[in-house]
Each structure stands twice: as structure tokens, then as C-alpha cells.
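Enquirer: Please read through the structure below; I'll follow up with questions.
The values are calculated or read from the model by the stated rules, or taken from the named source; none is laboratory data. These numbers come from a predicted model, not from an experiment. For neighbour counting, all protein chains shown are included, and Cβ atoms are generated from backbone atoms with ideal geometry for every residue, glycine included. The accessibility values were calculated without ligands, DNA or RNA, using every heavy atom of the protein model including side chains. Shrake-Rupley method; radii C 1.70, N 1.55, O 1.52, S 1.80 Å.
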Amino acid sequence: MAPEEAQPEAQLEAQPEAQPQPAAEISKKGAKKAEAKAKKEAEKARRQAEREAAEAAKNKEAAALDAARDDYGDVDDKPPTLTGERINIRSLQKEHVGSTIVVRGWIQNARAQSANMAFLELREEGDWTIQALVVANKDGTPSRPMVKWVASIKPESFVVVVAKVQEPLEPVKSCRIADYELVIQKCYVIASAPNVLGMTLAASNRAITNFSDEEPQKKESEIPAAATTSAIPAATMLTHLDNIVMHKRSPVQQAIADIRAEIKELYRSYLRSHGFKEFEPPCLIGAASEGGANVFSMPYFDKQAYLAQSPQFYKQIEIAGGRKRVYSTGPVFRAENSNTPRHMTEFTGLDLEMEIQEDYQEVLFMLEGVLLHIFRTIKERCPREIEVVRSVYHSEELLLPEVGKEIRLSFAEGQKLLREEGPPEYSNVSDDEDMSTPQEKALGELIRKKFNTDFYVLDQFPEGARPFYTKVDPTTKKTRGFDFFLRGQEILSGGQRINNAEELEQRIRHKGVDPLSPGIKEYCDIFRQAGVPPHGGGGIGLDRVVAWYLGLPSVHLVSYYPRTPKRLQP
């Protein structure tokens with residue numbers, strides 16, 4: 001390479017490097033920028049404050065001129081003195097037309113029709129709703145500012161209104177109270193709802209199809225870019241329980257709760273009318289119930305305590321203690337890691353026990369009687385509630401046997417029916433093994449088609465499918481134990497109990513349990529303390545009875561606060 005060709009590079013190398021700016025100069029520039037930014041923000045804040053002050057002054061001036069300013073607004077739990085008859089909207093009658101009433105309830109929705117008129121839907125318990133309207137008058141009571149304010153009330157806010165009852169031009173089909181409407185004179189918000197609800201009432205009243213206790217994990221590619229507004233989405237059970245207030249406000253959940261309460265009352269009243277006495281078994285016990293492992297344990301001072309799996313032993317103590325017939329209602333706990341629509345770790349048990357005079361079927365008939373009484377009477381007691389539930393959770397009408405034509409099959413007869421007329425996979429089911437859940441459902445479908453009923457009994461279960469305290473028939477070698485089914489799913493288990501200490505200990509050993517183990521020994525000793533008459537009883541799962549009667553997809557819908565292996569809240 002020629003020397004002259006390399007000269008530019010040499011000259012480039014010889015140039016001095018750029019010198020960094022002094023730190024002081026940089027800090028001065030940064031300070032100037034920060035100062036300019038602060039001035040800009042201060043000016044922005046000043047203008048915002050001026051706008052807010054102007055708006056406040058405008059509102060204050062408008063309020064001073066608002067003749068209705070004392071007739072509406074946000075108040076604490078104690079609004080101004082209100083004049084009018086205090087009434088529930090469900091009690092409105094023709095005689096109330098033209099009168100002034102005071103109503104408390106939730107805003108289901110609010111909308112402005114114009115600057116002079118706004119419409120509301122007021123709701124009390126369940127789905128008791130009524131249309132209300134506020135109209136600005138020439139004298140200013142109500143005023144246009146009042147109309148504007150009322151139309152802006154957030155849904156699910158709790159209000160009290162003074163209103164005049166009138167008949168609408170035509171029935172309001174969107175409200176349960178269709179033949180009357182309220183013309184609001186005064187309206188106060190006692191408790192305001194948040195700007196955004198975690199779950200709307202409309203969503204809470206949609207059918208739940210996802211009962212998983214786990215939050216579904218979605219990949220980024222699976223998340224939709226924008227939520228669709230074409231239909232109200234159905235929320236998961238997890239979302240419902242995380243928004244428990246809106247879950248409980250839904251008309252369908254309140255209807256289910258009302259039906260549940262009525263069924264419990266029908267159970268109590270029927271048994272009382274048949275000579276049964278109520279008792280209260282403990283939930284905290286000193287040893288695992290029935291010798292099982294599926295129990296919840298906890299420290300109890302200097303020892304261990306357990307949550308009762310059933311009141312079984314205590315029902316029998318009541319009979320041993322001189323009672324003829326007893327029943328109880330209360331919580332039952334099962335430490336079973338079963339994540340299915342049929343199971344919960346805590347549920348409500350309806351239990352009874354009674355002395356047997358001649359035959360164990362006296363117990364079967366009593367239990368059959370109380371359940372059929374419930375199913376036949378609940379339709380008369382809760383027709384509206386059942387209609388509300390079925391409008392969300394559609395199901396076929398429950399088929400019940402005619403009086404005197406109840407379906408009672410032996411366990412062996414049920415298995416024979418499955419083998420001969422059921423699905424091919426059940427062609428070899430055994431008479432000596434307990435039924436699986438799919439078998440039970442298949443048998444339920446067969447019995448519905450063959451006998452036109454959804455309610456039936458399976459009796460004389462094999463010994464291996466019954467607990468150690470169930471009496472075995474010495475002739476048939478089958479137990480005197482039975483299960484009741486509704487829509488192909490078990491709702492009750494019962495039978496005759498062993499009332500002889502030696503026979504009981506022999507059965508306990510046969511089941512592989514030590515009769516001297518804690519809890520079991522004390523149970524056996526009951527039958528040594530005094531002569532105990534033959535007796536039997538059964539345990540009903542209230543949650544299952546309500547769920548299967550209504551054709552619901554899960555017992556979790558029936559429980560007030562469902563407890564599952566993964567859920568302890570709320």
C-alpha cells in the first residue's frame with residue numbers, strides 16, 4: 001500500500017478522543033428539565049383545580065336552586081324521617097293504588113329516559129322486582145337534577161324510596177310485580193355499590209357448568225382479545241364463591257335455599273307427627289367414628305379430637321337410653337379427597353333411629369314415607385321457587401311411584417336387571433360386590449323406563465357392602481340394609497343394627513377392626529350396660545335430596561357455603 005493511501009487512517013488515529021461532559025453540567029441540564037416538568041405539572045394541577053372548583057360552585061348553585069335537594073342523595077344508615085306505609089313490594093294489592101309507601105331494596109338497574117324522566121327496577125328478596133320511575137315536575141319536586149342523580153345510581157346499591165303506587169298503562173313484563181309501579185317522590189342511597197361489580201346479578205343467575213375448585217390456566221394465545229357482549233357469560237363456581245354476596249343475591253340461589261329450608265321443615269314435621277323426638281348429637285368426638293380413617297383430627301387440649309363422620313353411635317345410645325324414636329339434623333364431616341359433584345367434606349345429615357317391633361322393614365317404610373311425603377308436598381309449598389330453579393337449571397319432571405306401588409328391589413334383583421337389560425359393560429356384574437356410581441345411574445335409567453319412577457329402594461345388600469353394625473339375616477346371609485335412590489343416585493343408607501354385644505364384636509373382627517380400639521370399645525359397651533331392643537334407622541343427605549330432586553348438576557349449588565378438599569372459603 002502506498003504511504004499516501006494510508007495517510008487518512010493515520011490522521012484519523014491521531015485525532016483526540018471526545019471528552020465527556022462534566023458531571024456538574026449534566027446535573028444542571030437535568031435540574032432544568034425537572035424544573036420545567038414540575039412547572040408543567042403544577043400548571044396542569046392548577047387548571048384541574050380551577051375546573052373542579054368551577055364545577056363545585058356550579059353544582060352548589062344548582063343545588064341552592066334545586067327545590068328537591070332534600071329529597072334525594074347519599075345518606076348513612078339513618079335517612080330523614082319518611083312519611084308513608086312501610087311495605088314489602090310482594091304485599092302490594094289493588095287497595096294500595098294511589099297511596100304513598102316506603103320501600104327499601106336494591107337497584108337492579110337504572111336508566112334515564114330523558115332529562116325529565118328516569119326508570120328504575122327495585123328488587124327485594126329473591127326475584128321480587130317492581131318498576132319505579134321518577135319524573136321532574138314544573139314545581140321542581142322532583143327536579144331535573146334529582147332525575148339525573150337517580151338515573152346514575154349504581155346497580156346493587158341499597159336504597160329507600162318514598163313513592164306513590166299506580167297501575168302502569170300495560171303490565172311490566174320485565175318485573176315480577178307486573179300490575180303496579182312506583183312513582184318516586186324521594187330516594188336515598190343508604191349503601192352504595194362499587195363502580196364495577198366482581199360479578200353482575202345477571203351473571204350470577206346463569207347456570208353454572210364449571211364446578212372446578214382450581215382456576216383454569218390459559219395460555220396467552222387462548223385469551224380473547226376482547227370480551228364479547230353478545231351474551232352474558234356463565235361464571236364458574238370459583239367465581240361465584242369469590243363473589244359470595246352476588247352469588248347469594250341471585251334469585252336462583254335464593255330459591256334453592258328456600259326449597260332446602262322447606263324440605264328440612266317437612267322432614268321434622270312428618271317425624272314429629274309419627275312420635276319421633278329430636279336430639280342433638282355432638283360434632284366433636286374422642287375417637288374416629290365407626291373405626292374409619294376418613295376423619296378430620298385436631299388438637300384438643302392435651303389429647304386428640306375428631307369431627308364426627310355421622311351421629312350413628314349417638315342415635316343408638318338414644319334408643320338404648322329409653323327413647324322409642326329419635327331424629328336429628330346437623331353437620332357431618334368426611335375427610336375424603338373426592339372432587340366430584342356428589343361429594344363435600346361437610347354436609348347436612350338428616351338422621352333417624354327407631355325401635356323395631358316385628359320386622360326391620362318398619363324402618364324402611366318409615367323412611368320411604370317421610371321422603372315421599374317431602375317430594376309430594378314440596379311442589380305445593382314451593383311452586384314458584386321450583387319454577388325459578390327450573391328456568392335456569394332445566395330438568396325433567398320427577399317421576400314418583402303411585403301410592404301402594406312403590407318400587408323395592410333386592411340388591412340381587414337390581415344386579416339381575418342390569419345384567420339382562422342394561423348396557424353391555426354390566427352384563428357380568430356380581431351379586432356380592434357393591435355397585436359403582438355408573439352402575440347406579442344405569443340402573444336408575446332402567447327403572448325409570450320400566451317402572452316409570454325416579455324413586456326406588458334397593459334392599460338386602462351383600463355383607464361386604466355394609467358397615468359392621470348392620471344386622472345380617474341368618475337365613476339369607478344378606479344384610480338387612482338398604483339404600484334409597486333418586487334419579488339413579490343414592491340419597492339414603494340405612495338398615496337394622498346389631499343390638500347384641502357379642503354378635504357386634506364378632507362382626508367388628510370380621511371387618512378387620514379391633515373391638516377394643518378407642519371409640520369402638522365404648523360403642524360395644526353400650527349393649528352391655530342394659531338390654532337394648534332391636535332397632536334400625538337411616539341417614540339422609542339433605543344436600544343430595546335437594547340437588548337430585550331439582551335435577552341440579554352438583555350438590556355444591558345446594559350448600560350455603562360448600563366445603564370441598566380444595567375450598568375452605570368463604
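Enquirer: Under the Kirkwood approximation for Rh and a Cα-based Rg, what ratio Rg/Rh is obtained for region 261-326? Display every interim value, and only then the final one.
Expert: Values: Rg = 15.0 Å, Rh = 13.8 Å.
Taking Rh as the inverse mean 1/r over Cα pairs, Rg/Rh reads 1.08.
Enquirer: Another question, then. Give me the mean projected area, in nm² to one decimal, of the convex hull enclosing the Cα positions of region 457-542.
Expert: Working: hull surface 26.0 nm².
Result: a mean projected hull area of 6.5 nm².
Enquirer: Can you give the accessible area per residue of region 255-345, in Å², using a 1.4 Å probe?
Expert: Details: 4460 Å² over 91 residues.
For region 255-345, the solvent-accessible area averages 49 Å² per residue.
Enquirer: Quick one: which of Lys379/Lys449; Lys264/Lys379; Lys78/Lys148; Lys379/Lys478; Lys148/Lys248; Lys264/Lys449 span more than 26 angstrom between C-alpha atoms?
Expert: Values: Lys379/Lys449 23 Å; Lys264/Lys379 14 Å; Lys78/Lys148 23 Å; Lys379/Lys478 37 Å; Lys148/Lys248 30 Å; Lys264/Lys449 30 Å.
Lys379/Lys478; Lys148/Lys248; Lys264/Lys449, as the Cα separations exceed 26 Å there.
Enquirer: Now for a different question. Read phi for every residue in region 307-314 and hand back ³J(HN,Hα) as whole Hz from Karplus 6.51 cos²θ - 1.76 cosθ + 1.60, θ = phi - 60°, with x for Gly and Pro.
Expert: Computed from phi, the couplings for region 307-314 are 8, 5, 6, 6, x, 3, 4, 6 Hz.
Enquirer: Calculate how steeply helix 383-392 sits against the longest principal axis of the alpha-carbon atoms of the chain, using the helix alpha-carbon long axis, and give the answer as 0 to 90 degrees to the nearest 10.
Expert: 60 degrees
Enquirer: Please go through region 392-459 and write out the GluC sites (Glu not before Pro) that DSSP classes as loop and that have at most 13 other C-beta atoms within 10 Å. Mind dumping the intermediate values first?
Expert: Values: sites: Glu396, Glu397, Glu402, Glu406, Glu413, Glu420, Glu421, Glu425, Glu433, Glu440, Glu445; in loops: Glu396, Glu397, Glu402, Glu406, Glu433.
Here the GluC sites (Glu not before Pro) that fit, given the DSSP loop and packing criteria, are Glu396, Glu397, Glu402, Glu433.
Enquirer: Something else about it: Rounded to whole Å and ordered largest first, report the semi-axes of the equivalent ellipsoid of region 54-157 derived from its Cα gyration tensor (root of 5λ).
Expert: Working: eigenvalues 132, 47, 40 Å².
Over the Cα atoms of region 54-157, the ellipsoid semi-axes are 26, 15, 14 Å.
Enquirer: So how tilted is helix 3-14 from the main axis of the chain? Cα-based, degrees 0 to 90, rounded to 10.
Expert: Approximately 80 degrees, to the nearest 10.
Enquirer: Okay, moving on. Would you kindly calculate the translational diffusion coefficient of region 509-570, applying Stokes-Einstein with the Kirkwood radius from alpha carbon pairs, for 4 °C and a viscosity of 1.567 mPa s, and quote it in µm² s⁻¹ without decimals? Numbers along the way, then the final one.
Expert: On the way: Rh = 15.8 Å.
Translational diffusion coefficient: 82 µm²/s.
Enquirer: With charges only on Cβ, +1 for K and R and -1 for D and E, what is the dipole size of region 341-475 about its Cα centre, in debye, rounded to 20? Let's see the in-between values first.
Expert: Details: 16 positive and 29 negative charges, 133 e Å.
Dipole about the Cα centre, nearest 20: 640 debye.
Enquirer: Please compute the Cα-Cα pair-distance distribution of region 116-180 with 5 Å bins starting at 0, giving whole percents from short to long.
Expert: For region 116-180, the pair-distance distribution reads 4, 16, 25, 25, 19, 10, 2, 0.
Enquirer: Then there's this: Relative contact order of the chain: what whole-number percent is it, with Cα pairs under 8 angstrom and at least 6 residues apart? Let's see the in-between values first.
Expert: Working: 954 pairs, mean separation 63.2, N = 570.
For the chain, the relative contact order is 11 percent.
Enquirer: Once you treat every alpha carbon in region 381-470 as an equal point and sum by Debye, what is log10 I(q)/I(0) at q = 0.11, 0.12 Å⁻¹?
Expert: Each listed q corresponds, in turn, to -0.42, -0.49.
Enquirer: Any idea what % of Cα-Cα pairs in region 323-440 are farther than 22 Å?
Expert: Cα-Cα pairs of region 323-440 separated by over 22 Å account for 63 percent.
Enquirer: Related question: At 1.4 Å probe size, with the rest of the protein present, what percent of the exposed accessible area of the chain is carbon and sulfur atoms? Walk me through the numbers before you get to the answer.
Expert: Details: 15610 of 30930 Å².
Looking at the chain in its full context, I get 50 percent from C and S.
Enquirer: On to the next question. Considering every pair of different Cα atoms, what Kirkwood radius, in Å, is found for region 400-532? Mind dumping the intermediate values first?
Expert: Numbers: mean 1/r = 0.0616 Å⁻¹.
For region 400-532, inverting the mean 1/r across all distinct Cα pairs yields 16.2 Å.
Enquirer: Heavy-atom accessible area per residue, region 469-570, 1.4 Å probe: how many Å²?
Expert: Details: 3950 Å² over 102 residues.
On a per-residue basis, 39 Å².
Enquirer: Continuing with this model, one more query. Over region 301-376, what lengths in whole Å, largest first, do the semi-axes of the equivalent ellipsoid take, defined as the square roots of 5 times the eigenvalues of the alpha-carbon gyration tensor? Walk me through the numbers on the way to the answer.
Expert: Values: eigenvalues 144, 83, 18 Å².
Its equivalent ellipsoid spans semi-axes of 27, 20, 10 Å.
Enquirer: Another question, if that's okay. Helix 23-65 sits at what angle to the longest principal axis of the chain, using alpha carbons and giving 0 to 90 degrees rounded to 10?
Expert: Long axis of 23-65 versus the principal axis of the chain: about 70 degrees.
Enquirer: Given the -39500 (n - 2.57) contribution per DSSP H run of 4+ residues, what per-residue ellipticity at 222 nm results for the chain, rounded to the nearest 500 deg cm²/dmol?
Expert: -11000 deg cm²/dmol
Enquirer: Then there is this: Any idea what diffusion coefficient region 236-351 gets from Stokes-Einstein, in µm²/s, Kirkwood Rh on alpha carbon pairs, 20 °C, 1.002 mPa s? Before the final figure, lay out each step's value.
Expert: Working: Rh = 16.7 Å.
Roughly 128 µm²/s, to the nearest whole number.
Enquirer: Ok, one more. Just the accessible area per residue of region 348-464, please: how many Å² with a 1.4 Å probe? Working shown, then result.
Expert: Details: 5690 Å² over 117 residues.
Accessible area per residue: 49 Å².
Enquirer: Related question: Among DSSP beta bridges lying fully in the chain, give the percent that are antiparallel, nearest 5.
Expert: Details: 72 of 86 bridges.
In the chain, approximately 85 percent of DSSP beta bridges are antiparallel ones.
Enquirer: How long are the semi-axes of the ellipsoid equivalent to the chain, from square roots of 5 times the Cα gyration tensor eigenvalues, in whole Å, largest first? Write out the running numbers ahead of the final one.
Expert: Numbers: eigenvalues 790, 336, 118 Å².
Gyration-tensor ellipsoid for the chain: 63, 41, 24 Å.
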